[in-house]
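Below: the structure, in structure tokens.
Here, each number is a calculation from the coordinates, and none is a lab measurement. As the structure is a computational prediction, the values presented were derived from the model and not from experiment. With ideal geometry, Cβ positions are generated from the backbone for all residues, glycine too; neighbour counts draw on all protein chains shown.
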């Protein structure tokens, strides 16, 4: 659980760093760039620790995928950027990709009695991904 918290912190730091980069480019100050450098560095540090126990492909897909989803949402809300159908399709594809990567990654473990239920975990992940995309669309439109 600790490593998943580190991954969440890495995602938050990445989002903060990227949004502060945009804020700095719009406002013209240096504070945003300093914050950007600090947060991006912190993001990579958290990610480096998270991949000690989380598969690299899964961690990186979640880090980038959730990051791009939320950065896009915040850029629409905070910076009045547009959200076209092509962007929505791209974000949906990203979410589907994350679900496929996560569901295709298996831990090395002993067989358990839960195996028949585990084969359906990807369905729950797909439902969650679709709910996230629909929530983004509902908030924008």
Alpha carbon Rg of region 1-111, scaled by the compact-globule rule 2.2 N^0.38 Å: 1.19
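So, R0 is 22 Å and r is the distance between the beta-carbons of residue 5 and residue 85; what FRET efficiency does that work out to, to 0.05?
Once the sixth-power term is evaluated, E becomes 0.05.
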Convex hull (Cα only) mean projected area of region 1-64, reported in nm² to one decimal: 3.8 nm²
Point-to-point label distance, residue 75-residue 105, nm (Cα→Cβ direction, 7 Å offset): 2.4 nm
Sorted peptide list for 9-18, 41-50, 75-84, criterion being average Cβ within 10 angstrom, highest first: 9-18, 41-50, 75-84
Extension gain (nm, one decimal) between residue 131 and residue 31, 0.36 nm per residue minus Cα-Cα: 32.4 nm
